[in-house]
Amino acid sequence: MPVPTPAAAMAIRDSLEEEVLIALVRAAWLAAERSNAVTAAAGLSPSQYNVLRILRAAGRGGMSCTEIGARMVTRDSDLTRLMSGLAGAGLVVRGTDSNDRRRSTNRITAAGRALLSRLDRDVAEAAKQTLGHLSRTRLTALRDLLVAFAPPPLS
């Protein structure tokens with residue numbers, strides 16, 4: 001039995017592009033629901049969690065707010081405020097770049113790394129609960145389509 005498209009399931013006559021966009025937005029919302037619950041239980045918003053992941057990957061060199069913003073999964077309109085909140089919680093430390101005093105550099109703290117380490121397994125489990133019903137072939141195809149649609153930023 002074929003799976004109905006989102007528009008067909010709701011008896012709406014949209015273009016294929018609109019149907020795909022609706023399905024994509026709905027899937028993103030459903031996919032984020034579980035992982036957002038995990039991070040919220042740890043007192044982090046999705047954006048705060050995203051920043052900590054980015055800074056963990058950046059290593060000791062850290063990143064400027066501009067660099068972090070370019071790598072965010074979703075855009076946050078006030079990244080400076082977000083960084084200040086993380087710094088106030090002791091999860092991030094902000095400093096001045098030694099080469100350019102006008103530029104600030106953000107680094108994850110040991111407390112930030114420890115918090116992410118505690119969340120890693122639960123976030124991975126949430127992803128498996130959300131997408132585990134898809135075969136490896138389908139997951140690979142989905143990933144490839146999504147990357148073709150929205151390529152990751154260049155490093």
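Of all residue pairs spaced 6 or more apart or on separate chains, those with beta-carbon atoms under 6 Å, a first member in region 133-155 that is in contact (Cβ under 8 Å) with a residue 24 or more places away in the chain and a second member that is open to solvent by less than 90 Å² (accessible area, probe 1.4 Å) and of a type in the set (A, V, I, L, M, F, W, C) are P153/A70.
Take A27 and decide whether it is in contact (Cβ under 8 Å) with a residue 40 or more places away in the chain and part of a helix (DSSP H, G or I). No: the conditions fail for A27.
Is it fair to say R75 is farther than 29 Å from P151 by Cα, in a loop (DSSP other than H, G, I, E, B) and open to solvent by 80 Å² or more (accessible area, probe 1.4 Å)? In short, no.
Every residue, every condition in (1) part of a helix (DSSP H, G or I); (2) surrounded by 11 or more Cβ atoms within 10 Å (Cβ to Cβ), yes or no:
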| site | (1), (2) |
| --- | --- |
| G90 | no, yes |
| D100 | no, no |
| R107 | no, yes |
| G112 | yes, yes |
| L115 | yes, yes |
| L119 | yes, yes |
| A127 | yes, yes |
| P152 | no, no |
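Flag: L24 does not match the condition of being more than 23 Å from T109 (Cα to Cα) and exposed (fewer than 11 other Cβ atoms within 10 Å of the Cβ).
Taken over region 30-47, the criterion of being closer than 12 Å to T74 by Cβ and part of a helix (DSSP H, G or I) is satisfied by A32, N36, P46, S47. Every residue in region 48-66 that is over 15 Å from D97 (Cβ atoms), of a type in the set (S, T, N, Q) and open to solvent by 30 Å² or more (accessible area, probe 1.4 Å), please. Q48 - this is the single residue of region 48-66 that is over 15 Å from D97 (Cβ atoms), of a type in the set (S, T, N, Q) and open to solvent by 30 Å² or more (accessible area, probe 1.4 Å). Look at (1) closer than 26 Å to A127 by Cα; (2) of a type in the set (S, T, Y); (3) loosely packed, with under 15 Cβ neighbours inside 10 Å; (4) modelled with pLDDT under 95 and you find that S15 fails only one, number (1).
When the criteria are applied in full, A70 meets the requirement of being under 21 Å from P151 (Cα atoms) and surrounded by 12 or more Cβ atoms within 10 Å (Cβ to Cβ).
Residue check: S135 meets all listed conditions (1) small (G, A, S); (2) open to solvent by 50 Å² or more (accessible area, probe 1.4 Å); (3) closer than 16 Å to P46 by Cβ but one, namely (3).
Here R138 passes the criteria (1) in contact with a Gly (Cβ under 9 Å, 6 or more places away or on another chain); (2) at pLDDT 95 or above; (3) not aromatic (F, W, Y) except the one numbered (1).
Residues are listed down the side, and each one gets a yes or a no for (1) within 12 Å of T109 (Cβ to Cβ); (2) at pLDDT 90 or above:
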residue: V51; (1), (2): no, yes
residue: M63; (1), (2): no, yes
residue: T66; (1), (2): no, no
residue: L91; (1), (2): yes, yes
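Being over 16 Å from the mean Cα position of the chain (by Cα) and assigned to a helix (DSSP H, G or I) is a description that applies to R81.
The values are calculated or read from the model by the stated rules, or taken from the named source; none is laboratory data. Small disclaimer: the values here were computed from a predicted structure and weren't measured. Counting neighbours? That spans all protein chains shown, and the Cβs are built from the backbone with ideal geometry, glycine included. Side chains are part of the model used for accessible areas, which takes the heavy atoms of the whole protein and leaves out ligands, DNA and RNA. Shrake-Rupley method; radii C 1.70, N 1.55, O 1.52, S 1.80 Å.
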